[in-house]
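A quick write-up on the structure given underneath.
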Amino acid sequence: MHTKEEKLEAIGRLLDIINDLREKCPWDKKQTFESLRSLTIEEVYELADGIAVADMDEVHGELGDLLMHIVFYAKMGSEQKLFDVKTIADRICEKLIYRHPHIYGNVEVKDEKEVLENWEKLKLKEGRKSVLAGVPKSLPAVIKALRMQQKAKGVGFEWSNKEEVWLKVEEEIREFKVEENAGNRELMEKEFGDILFSLVNYARFVGIDPEYALSQTNNKFLNRFQTMEEMIINEQKEIHGLSLEELNEYWNKSKLNE
């Protein structure tokens with residue numbers, strides 16, 4: 001691809017452009033950490049969308065947008081004498097070196113499991129009071145469940161095998177049905193959450209990313225439903241006027257078009 005010098009030159013160009021925009025563009029001048037926050041979250045989700053459909057051109061573009069946001073935050077941090085691109089890069093470099101003693105030190109590990117265990121132990125040594133303290137509060141629920149389970153595993157809090165996990169899934173389903181039959185909506189909600197949490201656990205055990213799996217299913221449903229709508233429009237009908245039986249016929253046709 002490109003040499004290290006060419007890559008550094010490109011980053012330098014981006015730094016210069018952000019400096020220009022911050023100085024000369026009315027919109028860029030007004031931005032703050034708070035005003036960029038939601039836009040950055042949006043960019044991350046757009047990147048995730050590109051990854052979900054394996055659109056590498058989209059991934060390429062969204063990575064650029066995200067890199068621009070990082071440089072923009074660094075610029076604002078520099079203006080307030082808080083940090084800049086150098087201190088950000090230095091900090092992550094030092095963290096990576098510290099948390100990879102099997103690469104930069106004399107620690108020996110035999111597999112990925114030991115790497116993760118050491119990672120969590122080192123973070124606790126850094127002053128964190130809980131293994132779960134680093135999981136962002138605002139993460140989407142499925143991703144948050146997965147990250148908490150992964151971190152708990154990192155300190156040895158883990159099921160023995162996938163069969164035990166599946167038994168837990170079935171147990172939670174039975175408990176949900178008890179509350180459903182009793183008509184207790186509050187407890188139904190809690191038990192349903194337990195089902196989802198247990199399913200995330202099982203997905204993790206069998207090597208499936210539950211968030212990615214669900215996003216694939218969402219995309220499949222979206223494509224099939226929109227194909228169904230297009231068929232209905234092409235036949236000069238209105239979706240609101242069709243029976244469930246007719247809709248199911250169009251749905252099955254849309255599946256055949258995949």
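Return the equivalent ellipsoid semi-axes of the chain as a descending list in whole Å, where each equals the square root of 5 times an eigenvalue of the C-alpha gyration tensor.
Details: eigenvalues 324, 207, 69 Å².
Rounded to whole Å, the semi-axes are 40, 32, 19.
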Ignoring any ligand, DNA or RNA, what whole percent of the accessible area of the chain comes from carbon and sulfur when the probe is 1.4 angstrom?
56
Reachable lysines, given that their alpha-carbon falls under 16 Å from the alpha-carbon of Lys86 and they are not under 8 places away in the same chain
Lys7, Lys75, Lys95
Report the accessible area of Met231, computed with a 1.4 Å probe over the heavy atoms of all protein chains in place, in Å² rounded to the nearest 10.
30
Please give the FRET efficiency for Asn161 paired with Leu139, using the beta carbon to beta carbon distance and R0 = 25 Å, rounded to the nearest 0.05.
0.35
Ellipticity estimate at 222 nm from DSSP helix runs (n ≥ 4, -39,500 (n - 2.57)) divided over the chain, nearest 500
-25500 deg cm²/dmol
Calculated FRET efficiency for the pair His100/Asp16, C-beta based, R₀ 25 Å, to 0.05:
0.15
Selection of chymotrypsin sites (Phe, Trp or Tyr not before Pro), the range 150-258, meeting DSSP coil and at most 10 other Cβ within 10 Å
Phe157
Set the Förster distance to 41 Å, then compute FRET efficiency between Phe221 and Lys129 from the Cβ-Cβ distance, nearest 0.05.
0.45
Quick one: accessible surface of Arg147, probe radius 1.4 Å, all protein chains present, in square angstrom to the nearest 10.
90
If a/c stays under 1.5 just call it rounded; otherwise compare a/b with b/c (prolate if a/b is bigger, oblate if not). Do that for the range 37-129, with a ≥ b ≥ c from the square roots of the Cα gyration tensor eigenvalues.
oblate
By how many degrees, 0 to 90 and rounded to 10, does the Cα axis of helix 33-52 deviate from the longest principal axis of the chain?
60
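Can you tell me how much longer the chain between Glu186 and Trp119 gets when fully stretched, taken as 0.36 nm per residue apart minus their C-alpha distance, in nm with one decimal? Could the numbers behind the result be given before it?
Details: separation 67, 0.36 × 67 = 24.12 nm, distance 3.83 nm.
Answer, rounded to one decimal: 20.3 nm.
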Per residue, what accessible area does the range 93-185 have, given a 1.4 Å probe and all protein chains present, in Å²?
72
Can you tell me the accessible area per residue over the range 195-258, all protein chains present, probe 1.4 angstrom, in square angstrom?
71
Helix 56-79 vs. the chain, principal-axis angle (Cα, 0 to 90°, nearest 10)
50
How much solvent-accessible surface does Lys95 expose, in Å² to the nearest 10, with a 1.4 Å probe and all protein chains in place?
80
Can you tell me the 0 to 90 degree angle between the C-alpha axis of helix 4-24 and the longest principal axis of the chain, rounded to 10?
90
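If you place +1 on the Cβ of every Lys and Arg, -1 on the Cβ of every Asp and Glu, and leave all else neutral, what size is the dipole of the range 1-57 about its Cα centre, to the nearest 20 Debye?
Working: 8 positive and 14 negative charges, 69 e Å.
Computed charge dipole of the range 1-57: roughly 340 debye.
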Where labels lie 7 Å past Cα in the beta-carbon direction, separation of Lys24 and Glu42 in nm
2.5
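The values are calculated or read from the model by the stated rules, or taken from the named source; none is laboratory data. Computed from a predicted model, the values in this text were never measured in an experiment. Cβ atoms come from the backbone with ideal geometry, glycine included; neighbour counts cover every protein chain shown. The accessibility values were calculated without ligands, DNA or RNA, using every heavy atom of the protein model including side chains. Shrake-Rupley method; radii C 1.70, N 1.55, O 1.52, S 1.80 Å.
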